[in-house]
Amino acid sequence: MGLQRFAIFTNPKIEDVLESEVQRVLHAHAHKTEVRPDIEGLVIVEVEDVPAVCDMLCAIRSAHYVMRLTAILDLPQTTDAVQALVRHIMEDPVNRLPDISKAEFFRVRCTRLGLHSFRSHDVEREVGEAAHEYHKIPAKMRGATTILRVDVIGDKVVLGVQIHGEELSKRLHPEFIRDASIRPNVAFAMLHLAGYGEGEVLMDPFVGSGTIALEAAVRFPNNKIIGIDRSDRVVKGARANAETLGLTNVELTTANARNLKSVVARSSVDCIVTNPPWGIRIGKNEEMEDLYRGFLASATEVLKIGGRIACLLVRWEAFLHHCRSSGRWVVKMARPIRTGELNPVLFIVERVEDTMWNNIKRDIFVLVGDARKGDGVTTLESFKKQQVAVADGAASGEKEEAGNGHEVEGEEAVEGEGAMRPRRRFSQ
């Protein structure tokens, strides 16, 4: 049985998610998978030529599109790069020009990433004319039965024939779309990297058109999915999208991301995966800081200990600051993901015990205990001595790891409890 090579594209920086899913879906049929570090967003797979292989490839949810791979060429580094590329292809059309001889109509599509002196449309026009002359098949912009792909990624050119109609990442067919909506394949990657799984409660506090919530609902039809947005119009649109897909496990409601406990009970959510406003077109720095601060404080109340937040951010500094300063979150991942012309960062943070608040409560307890023995000056001096003792202990190496980003730095007696209590400090 022969082997075929397919090129599968996704958003740059989530190639590992795509490769993992390819191996899982194709299983024994995949002989080899390869992530090309010199071609962003690409995974190449060699697979057995079996009747169901195209159906299996089209079921991959982290993919943007799939093509039957013809060739990978170097982009000519000349002033007439597109014309030089076409000449190079036509020098050996059997091995370099994708075979569309059985097509009734065709069209050329080009995805271009990087800095070039030409546009995607220039590639589509020039290659389309050459393919028409060679195969004698008419080109058709709409309703073409075959899509010839010529993708220019940096200084590489990937040629092949797309094995499906419209892009796989448009599979949700929404009735309502917002301009800031992300693709379903990116939503899949966010859910995967957040470790979201069977039986977990998911919330999207900035649901928008519902891409993340709908992707989760399709993958886990028995899970509880909650989507909220402060706009009635947006919630109605997301609800229309869910109804179009026939999904019944998505609860959509109007609410504010700063007050999540008005929607769900305390410590009842396992995972929050969301795409908050990026603040590109609107929103001052102060407004974004207030939004992230309020959202994180609210999420602290509804997430279980060990629960995760996964969110895409452009102006992420304020979010990271509030995560670290609160003592309630540990940053598990910060990964840029290419979406269009932007590179938002996917942050995944985990809810941990309120270590900083526990420290404050413990220190207050110690101060109150000392106050029973002496005046306020003695209490303050005692407190300072405790801090110096802890610092000296840390300097002499008397500390050990305590897990979850905490450190045990010596021990102190707590009056009235007859036991040693570790002094903890949150560290990031």
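Taken together, the values in this text are just the output of simple stated rules run on the coordinates, not laboratory data. Model, not experiment: these values are computed from the prediction. Here Cβ is always computed from backbone atoms with ideal geometry, including for glycine, and neighbour counts include all displayed protein chains.
Applying 0.36 nm per residue to the separation of Val50 and His88 and subtracting their alpha-carbon distance, the gain on full extension is 10.5 nm.
In this simple spin-label model, placing a label point 7 Å from the Cα along the Cα-to-Cβ direction at both Thr145 and Ala297 gives a separation of 6.3 nm. The slack in the chain from Ser120 to Phe105, taken as 0.36 nm per residue of separation less the alpha-carbon distance, amounts to 3.4 nm. The charge dipole of segment 28-172, taken about its Cα centre with unit charges on the Cβ atoms of Lys, Arg (+1), Asp and Glu (-1) only, comes to about 520 debye. Evaluated over the Cα positions of segment 114-170, the convex hull gives a direction-averaged projected area, one quarter of its surface, of 4.8 nm². Each label point was placed 7 Å from the Cα along the Cα-to-Cβ direction; for Lys136 and Arg335 their separation is 5.0 nm. As a proxy for reagent exposure, ranking Asp49, Asp270, Asp229, Asp99 by other Cβ atoms within 10 Å from fewest up yields Asp49, Asp99, Asp270, Asp229. A DSSP coil position with no more than 16 other Cβ atoms inside 10 Å describes the following trypsin sites (Lys or Arg not before Pro) in segment 57-127: Lys102, Arg119. Measuring between their Cα centroids, segment 139-154 and segment 240-274 lie 39 Å from each other.
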